[in-house]
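S.K.: Got a structure for you, questions after.
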Amino acid sequence: MSGMAMTGGVSSLLLSKLSVLGFEPLGTILGKGLFAKVVLVKEKSTEKIYAFKEIFHPGKWCKTDEVRGECQAASLPDSSNFFLKIRGFLTANSGNSLKKWHLVEPSKLKECSDDYIVGVLSEYIPGSENLFDFNEKRTLTKKKVCDIGKQIASALKEMHERGLIHRDVKLENILIDKNGKIKLIDYGLSRSLRGGRANTLCGSMGYVAPEIYKRETHGVKADAWAFGVLLYALAFDLYPPFIEMEDVVLTPKNTVEFADSGITIEDLFKQKNKSLINSELGRDDAFWTLLNKLLCHEDKRITVAEALEELFLKEQAHEESTLIEISHSRLHKFLPCACL
Ligand SMILES: Nc1ncnc2c1ncn2[C@@H]1O[C@H](COP(=O)(O)OP(=O)(O)O)[C@@H](O)[C@H]1O
Ligand SMILES: [Mg+2]
């Protein structure tokens, strides 16, 4: 994008195209990563506000029919409240020359002959935060961890039932609104398994399942692993102890060794985090039973649908009490990587 003027957070090229399509960028950047930027836009005719995700290097990430398929499936009008309602995809018909631009409805995407998705227009959730920012500002109670966990598992279960795998489940990809309702976002690495298994090395470091690191094929249980990492991070403001930092580069080696060893995550936690053993979730048997079944070798791992049947997520009446006194400085963000 170098050399391109930026207006209201959107490149001038996109701005002119959005304007032709009847949208005005409002200058607020909701989020920015390596591959995309999300900005607020207003539809001029209706004054409605939307989130517009501009995808960088669209040709590289979004040109295959497969990727379009997931975007479409995850945004079906009858999809549950756990997913963002996608209004349309901004597409271009000829790669870098970007001669013709269209806003294509999700249901029409499969029929569309255009090559590239350059942006996604979706519902804006006012007052929402992603779970990373939300977690950083608050000390979560056990009830809250359970409540958030249940909703995330329900969203993933629905995706999996449609034959889709998310592959980038992490704190930053969950929105939580003012009423505590979650939405799973960012289907950039999602794909349809079509009854088979996937084999691309992808995900965000720290959340990648051992079978992906091992370059074996993977299925929906890779999301169950990432869900386990996310629960652990919410509970302890730490990532699981098999993750090792080498400056900023994380090594997959420990994850794979851990999964192959048969050691439970509970044992590893108790060896490495003695100060947290007596925290409310640190001594919660139902929580550890769930994590032990999520953070393990794929052969032994439960699915997210099974996780919903586990005692910790089934229990309704958790007591409202403070989890642990934490400084909220130990978690860090991981960028997705399509080829680690
Ligand atoms: N519809 C939305 N409403 C409010 N905030 C959003 C919305 N979509 C994305 N965001 C914010 O933008 C961030 C990046 O969005 P995401 O789709 O995950 O893009 P990326 O591919 O760059 O990770 C999210 O973590 C969230 O904070
Ligand atoms: Mg994201």
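S.K.: What residue, among those in the range 17-54 that are within 16 Å of ligand 1 (Cβ to nearest atom) and of a type in the set (Asp, Glu), is modelled with the highest pLDDT?
M.R.: Glu43
S.K.: Does the range 283-321 hold any residues that are at pLDDT 95 or above and among the small types (Gly, Ala, Ser), and which are they?
M.R.: Ala286, Ala305, Ala307, listed by residue number.
S.K.: Name the residue that is farthest from Asn173 (Cα to Cα), counting only residues in the range 98-131 that are of a type in the set (Gly, Ala, Ser) and in a strand (DSSP E or B).
M.R.: Gly119
S.K.: OK, next. Within the set of pairs 6+ apart or on separate chains, which have a first residue in the range 263-274 that is of a type outside the set (Asp, Glu), a second that is assigned to a helix (DSSP H, G or I), and C-beta atoms under 6 Å apart?
M.R.: As it stands, the answer is Thr264/Asn292; Ile265/Leu291; Ile265/Asn292, since those pairs meet every condition given.
S.K.: Sticking with this structure for a sec: Please go through the range 199-220 and give me each residue that is buried (at least 20 other Cβ atoms within 10 Å of the Cβ) and away from ligand 2 (no atom under 16 Å from the Cβ), ordered by number.
M.R.: Ala209, Pro210, Glu211, Ile212, Tyr213, His218, Val220
S.K.: State the number of residues belonging to the range 155-191 that are in contact with a Ser or Thr (Cβ under 7 Å, 6 or more places away or on another chain) and within 15 Å of ligand 2 (Cβ to nearest atom).
M.R.: 6
S.K.: A further question follows. Is the range 227-250 home to any residue that is loosely packed, with under 15 Cβ neighbours inside 10 Å and farther than 23 Å from Arg167 by Cα?
M.R.: Scanning the range 227-250 turns up at least one residue that is loosely packed, with under 15 Cβ neighbours inside 10 Å and farther than 23 Å from Arg167 by Cα.
S.K.: What are the residues in the range 184-202 that are within 16 Å of ligand 1 (Cβ to nearest atom) and outside any loop (DSSP other than H, G, I, E, B), if any?
M.R.: Scanning the range 184-202 gives Leu184, Arg191.
S.K.: Of the residues that sit in the range 177-232 and are of a type in the set (Val, Ile, Thr) and touching a Phe, Trp or Tyr at 6+ places or on another chain (Cβ under 9 Å), which one is modelled with the lowest pLDDT?
M.R.: Checked the range 177-232; the qualifying residue modelled with the lowest pLDDT is Ile185.
S.K.: For the range 162-183, what are the residues that are more than 11 Å from ligand 1 (Cβ to nearest atom), of a type outside the set (A, V, I, L, M, F, W, C) and under 22 Å from Leu291 (Cα atoms)?
M.R.: His166, Arg167
S.K.: Return the pairs, sorted by first residue and then second, in which the second residue is in a loop (DSSP other than H, G, I, E, B) and within 12 Å of ligand 1 (Cβ to nearest atom), the first residue lies in the range 179-205 and is not assigned by TED's automatic domain parsing to the domain that holds Gln151, the beta carbons are less than 7 Å apart, and the residues are 6+ apart or on different chains.
M.R.: As it stands, the answer is none, since no pair meets every condition given.
S.K.: A further question on this structure: Across the range 132-160, which residue is nearest to Leu291 (Cα to Cα) among those that are polar (S, T, N, Q) and not in a helix (DSSP H, G or I)?
M.R.: Thr141
S.K.: Could you check the range 173-185 and list, in sequence order, the residues that are among the charged types (D, E, K, R) and within 16 Å of Ala153 (Cα to Cα)?
M.R.: Lys181, Lys183
S.K.: Within the range 149-161, is there a residue that is within 14 Å of ligand 1 (Cβ to nearest atom), modelled with pLDDT of 95 or more and either more than 28 Å from Gly206 (Cβ to Cβ) or surrounded by 23 or more Cβ atoms within 10 Å (Cβ to Cβ) (or both)? Steps first, please.
M.R.: Applying the first criterion (within 14 Å of ligand 1 (Cβ to nearest atom)) to the range 149-161 yields none.
Scanning the range 149-161 turns up no residue that is within 14 Å of ligand 1 (Cβ to nearest atom), modelled with pLDDT of 95 or more and either more than 28 Å from Gly206 (Cβ to Cβ) or surrounded by 23 or more Cβ atoms within 10 Å (Cβ to Cβ) (or both).
The values are calculated or read from the model by the stated rules, or taken from the named source; none is laboratory data. All values derive from a computational prediction rather than experimental measurement. Ideal geometry is used to build each Cβ from the backbone, glycine not excepted, and the neighbour counts take in all protein chains shown.
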